[in-house]
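S.K.: Please read through the structure below; I'll follow up with questions.
The values are calculated or read from the model by the stated rules, or taken from the named source; none is laboratory data. Just so you know, these numbers come straight off a predicted model, no measurement behind them. We place every Cβ from the backbone using ideal geometry, glycine too, and count neighbours over all the protein chains shown.
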Amino acid sequence: MANFEIAEKPEFTREIRKFEVTDPGHADLFNAVIGPLLQNEVFLKSFADKLNETIIDTYQQATGYTDQEIAKLINGAPSTLDTLGEIATAMKANQDVVSALNQAIGTKANQAEMDSQLGTKLNKTGDASETSVAFSQASARANLASGEKLKVSLGKIMKWFADLANGAASTLLGANLTANRALVANASGKVAAAGVSSTELGYLSGVTSGIQGQLNSLNTGIAGAALKSKYGDTTIDVGRKAGTSVGTYSTAEGYLVTAAGLYGAHAEGCMTTSSGGYGAHAEGNSTTASGQSSHAGGHGTVASGYGQTSLGLFNISYGNTALLIIGNGSSSTRSNAFRVDQNGAAYGKAAYQSSGADYAEYFEWIDGNPDAEDRRGYFVALEGRKIRKATPDDTFILGIVSAHPVVVGNSDPDSWHQRFLKDDFGNFI
């Protein structure tokens, strides 16, 4: 047996077939009638639910609006006066107070009376141009004081003008003044024109200290420079220096030069700086010797390491690691052409050019070459760590004694080559 299927959203059927007497009693006939009836029942139930929700929402909106308007009407009134009945009772109970207030208000001055009484007083905007003040001259001169009455202040002012007119102004000047002259007090204590014109007085513009003191200091500086140049005293400053002072026992000479280092710093040329001290020397153009006992020469070079010498153009400084630097850079890109470090290593930017053509290495003769024989051009063989002349029986020829090498290895010209212990690879132990 099957059940009727109800649609998810059934539609209402207005016409349903009526049974006739002649209709056969068949299931299809009953199903055709009962099916629409069941669909209509589901539709009506759904419609009733939606209608009920609409009614509830409308009721809640209406009550919410009513509560809101009532709250506005009460507007925070106390609970004893938040109904019309309570307000009416309170007004009735206070009728005597209301009558007394109305009577008191009626006795106050109106706008016309107020304007009539205040017509000669200070207006509401604070404008006193039309205000009349009665005052009398003060008996003695006195300064104005904050907070005093206007008539008192005007009396003091009147006293000052009266005294000025009666004596002070008439005795201030002895005669008409000469135009464009400075003013001084003459022997009689009166204002008179000085011999200095206003133009001459303008020459003093910008002076911040005593002129005589400045002249004395300048004279001392000039005399001191001559003495220091002659006797080699602590500092010598010749030309125009850039720094505020010259270091102790230092020398600055040239244009915009600075010798700020101590003990023999020397700056010369154009815009050079010697700040390293202990004989640091900067020369040329825009060079800086900031390392102790350093030397910078050329253009734009920097010697920042101890005992370092930088020459050429706009070098790259390597601090205390380099002893000699030759720059070949520019103001925008610094560069080095040649550099020698403290460990003796040399660095060049291009190939080393020489008239020689051989690479040679020092070896000790096994016989010591006691007769100082000229052995250039001989083939040699290695025997232990020393060399000897090669023979036809030698299977390994070490090389030929060179007469004009370009590079000489294993050379220690400045000290004995066995002064320090070395490992098998020649590194110092």
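S.K.: Take G279 and decide whether it is under 18 Å from A252 (Cα atoms), assigned to a loop (DSSP other than H, G, I, E, B) and at pLDDT below 90.
M.R.: yes
S.K.: What number of residues within segment 112-147 satisfy the criterion of being at pLDDT 85 or above and polar (S, T, N, Q)? So that I can check it myself, show each step before the final result.
M.R.: Residues of segment 112-147 that are at pLDDT 85 or above, as a first pass: 134-147.
Still in the list and also polar (S, T, N, Q): 136-137, 139, 143, 146.
Residues in segment 112-147 being at pLDDT 85 or above and polar (S, T, N, Q): 5 in total.
Matching residues to (1) surrounded by 15 or more Cβ atoms within 10 Å (Cβ to Cβ); (2) in contact (Cβ under 8 Å) with a residue 60 or more places away in the chain; (3) over 15 Å from S275 (Cβ atoms):
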| residue | (1), (2), (3) |
| --- | --- |
| Q292 | yes, no, no |
| G297 | yes, no, yes |
| G300 | yes, no, yes |
| Q308 | yes, no, no |
| G312 | yes, no, yes |
| A322 | yes, no, yes |
| I326 | yes, no, yes |
| R334 | yes, no, yes |
| G344 | no, no, yes |
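S.K.: When you check D412 against the structure, is it exposed (fewer than 14 other Cβ atoms within 10 Å of the Cβ), out of contact with any His (no Cβ under 7 Å at 6 or more places or on another chain), closer than 30 Å to I326 by Cα and not aliphatic (A, V, I, L, M), yes or no?
M.R.: yes
S.K.: Give me the pairs: first residue in segment 418-429 and outside any loop (DSSP other than H, G, I, E, B), second residue surrounded by 10 or more Cβ atoms within 10 Å (Cβ to Cβ), beta-carbon distance under 6 Å, and six or more apart or on different chains, which are they?
M.R.: Going by the 6 Å Cβ cut-off, the qualifying pairs are F428/F420; F428/K422.
S.K.: To continue, here is another question. Test each condition in (1) among the hydrophobic types (A, V, I, L, M, F, W, C); (2) exposed (fewer than 11 other Cβ atoms within 10 Å of the Cβ); (3) under 30 Å from N315 (Cβ atoms) for A372 and report the one that comes out false.
M.R.: It is condition (3) that A372 fails.
S.K.: Same structure again: From the list G307, G348, which residue is farther than 27 Å from V408 by Cα and not β-branched (V, I, T)?
M.R.: Numbers: G348 fails: farther than 27 Å from V408 by Cα.
Answer to the check: G307.
S.K.: Among (1) within 24 Å of P10 (Cβ to Cβ); (2) surrounded by 12 or more Cβ atoms within 10 Å (Cβ to Cβ), which single condition is I55 missing?
M.R.: Just one mismatch for I55, condition (2).
S.K.: Need the failing condition index for S188 against (1) exposed (fewer than 12 other Cβ atoms within 10 Å of the Cβ); (2) among the hydroxyl-bearing types (S, T, Y); (3) modelled with pLDDT under 75; (4) assigned to a helix (DSSP H, G or I), just the number.
M.R.: The number of the failed condition is (4).
S.K.: Filtering segment 392-408 down to residues that are of a type outside the set (S, T, N, Q) and loosely packed, with under 11 Cβ neighbours inside 10 Å, which residue is nearest to Y359 (Cα to Cα)?
M.R.: Per the stated criteria, the residue is F396.
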